[in-house]
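Colleague: My questions all concern the structure below.
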Amino acid sequence: MAKIVGGVTTSHIPAIGNAIAKELFEDPYWKPFFDGYPAVREWLDQVKPDVAIVVYNDHGLNFFLDKMPTFSVGAAFEYTNKDEGWGLQPLPPYEGDPELSWHLIESLVADEFDICSCQEMAVDHGFTVPMSLLWPDRSKMTVKTIPVAVNTVQHPLPSPARCFKLGQAIGRAVESYGKDKKVVVLGTGGLSHQLDGERAGFINKEFDLMCLEKIVDEPEALARYSIHDLVRLAGAQGAELILWLIMRGALGEKVSKVHSNYHIPISNTGAGLLVLESA
Ligand code: DHB
Ligand code: FE
């Protein structure tokens, strides 16, 4: 039977992709951020997941404002990235697991989540930057991927409560898959940030640290916020916290914290990192 072994949440800022390309790991600005990641990679080496379900938001590469599905699941053999204008290097395609994707899609629709299935899907920095942080050596990367894209760009956005329930439905879907697969769920983006408008540069450290704590044992407390609460407390793009809630919902009731890190600012963002293991 398939099993969710744990979850990782991480920032996905494009500047991280450029810092990786320039190998700025020891640079004083970047070091406190990159120093959070070896522990995550050690954990991944131990648990050896077969598949990563990557919950992220597309920022305009695959979906644009004219067509913006709320929840989308990839069902492709492979996923490519494209030049988004951030100066990020093109990367080799990521291998998919279409059989598990279709199981996920069928199970989610049966569970009353009317998601958009995507047999072609370009993946942007929300997907590629976390993958580069967690699996830096592509020649050794064996994990297959299933992108789950969530609208955090064009309002109305799905509520935190709805996202938490989607995560729970993803958890049920994986558990009902008959093949032996170890699955890790990534929630990418966050924590607080606002990229535009009068509050550009807004970061709320207190709120971020509260989220890092509550998401472990009291995720329902975070799921009670409205989207407008999140925008007020965490900034317009801080609403990406809903992606973390999907990851947390998928892990089931009891989890243990393996590792966390928090550093501000990285670019315009409170960069939070968390590794949770399923009970
Ligand atoms: C930044 C953060 C994001 O979440 C994003 O998608 C793009 C840029 C930033 O802080 O620069
Ligand atoms: Fe983002």
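FYI, it's all coordinate maths here, none of it is from the lab. Quick caveat, the model's predicted, so the values are computed rather than measured. Cβ: placed from backbone, ideal geometry, glycine included. Neighbour counts: every protein chain shown.
Colleague: What is the local net charge at Trp30, summed over the other residues whose Cβ is closer than 13 Å to its Cβ (Lys, Arg +1; Asp, Glu -1)? Write down the numbers at each step before the final one.
Modeller: Numbers: positive: Lys22, Lys31; negative: Glu23, Glu26, Asp27, Asp35.
Counting the neighbours of Trp30, the net charge comes to -2.
Colleague: Lys/Arg Cβ at +1, Asp/Glu Cβ at -1, dipole of region 3-274 taken about the Cα centre: which of Pro147, Leu134, Cys116 is farthest positive-ward?
Modeller: Leu134
Colleague: Any chance you could list P(r) for region 3-83, counting all Cα-Cα pairs in 10 angstrom bins from zero, rounded to whole %?
Modeller: 12, 35, 37, 15, 0
Colleague: Which value results for Rg/Rh of the chain when Rg is the Cα radius of gyration and Rh the Kirkwood radius based on the inverse mean 1/r? Walk me through the numbers before you get to the answer.
Modeller: Working: Rg = 16.9 Å, Rh = 18.3 Å.
Reported Rg/Rh, Kirkwood definition of Rh: 0.92.
Colleague: Same structure, new question: So what's region 45-108 giving for Cα Rg divided by 2.2 N^0.38 Å, two decimals?
Modeller: Working: Rg = 13.9 Å, N = 64, 2.2 N^0.38 = 10.7 Å.
After normalising by residue count via 2.2 N^0.38 Å, the value is 1.30.
Colleague: When a footprinting reagent is the concern and you count Cβ atoms within 10 Å, what order do Ile227, Ile146, Ile53 take, fewest first? All intermediate terms of the calculation are to be shown ahead of the outcome.
Modeller: Working: Ile227 19, Ile146 26, Ile53 30.
Least to most surrounded, the residues fall as Ile227, Ile146, Ile53.
Colleague: Please give the per residue volume of the convex hull enclosing the alpha carbon atoms of region 1-48, rounded to a whole number of Å³.
Modeller: On the way: hull volume 4.7 nm³, N = 48.
In region 1-48, the Cα hull volume divided by residue count equals 98 Å³.
Colleague: Tell me, Glu240, Glu23 in order of fewest to most beta-carbon neighbours within 10 Å? Before the final figure, lay out each step's value.
Modeller: Numbers: Glu240 29, Glu23 10.
Arranged by neighbour count, lowest to highest, Glu240, Glu23 become Glu23, Glu240.
Colleague: On to the next question. List the lysines whose Cα sits under 29 Å from the Cα of Lys205, skipping any in the same chain fewer than 8 residues away.
Modeller: Lys22, Lys31, Lys165, Lys214, Lys254, Lys257
Colleague: Under a point-charge model restricted to the Cβ atoms of Lys and Arg (+1) and Asp and Glu (-1), what is the dipole moment magnitude of the chain relative to its Cα centre, in debye to the nearest 20?
Modeller: Numbers: 24 positive and 36 negative charges, 68 e Å.
Using Cβ point charges on Lys, Arg, Asp and Glu, the chain gives about 320 debye.
Colleague: Region 175-279: D in µm²/s via Stokes-Einstein (Kirkwood Rh, Cα pairs, 10 °C, 1.306 mPa s)? Display every interim value, and only then the final one.
Modeller: On the way: Rh = 14.4 Å.
My calculation gives 111 µm²/s for D.
Colleague: If you take the Cα atoms of region 84-220, find Rg, then find the Kirkwood Rh from the mean of 1/r over all pairs, what is Rg/Rh?
Modeller: Working: Rg = 16.9 Å, Rh = 17.5 Å.
My calculation of the ratio gives 0.96.
Colleague: Are there any trypsin sites (Lys or Arg not before Pro) in region 246-275 that are in a DSSP loop and have at most 11 other Cβ atoms within 10 Å? List them by number.
Modeller: Values: sites: Arg248, Lys254, Lys257; in loops: Lys254.
When the trypsin sites (Lys or Arg not before Pro) of region 246-275 are filtered for loop state and at most 11 Cβ neighbours within 10 Å, Lys254 remain.
Colleague: Karplus couplings for region 12-28 from phi (6.51 cos²θ - 1.76 cosθ + 1.60, θ = phi - 60°), rounded to Hz, Gly and Pro as x?
Modeller: Computed from phi, the couplings for region 12-28 are 10, 3, x, 4, 5, x, 6, 5, 5, 4, 8, 6, 8, 5, 9, 4, x Hz.
Colleague: I've got another one for you. Given only helices, namely DSSP H runs of n ≥ 4 each adding -39500 (n - 2.57), what is the per-residue ellipticity at 222 nm of the chain, to the nearest 500 deg cm²/dmol?
Modeller: -10000 deg cm²/dmol
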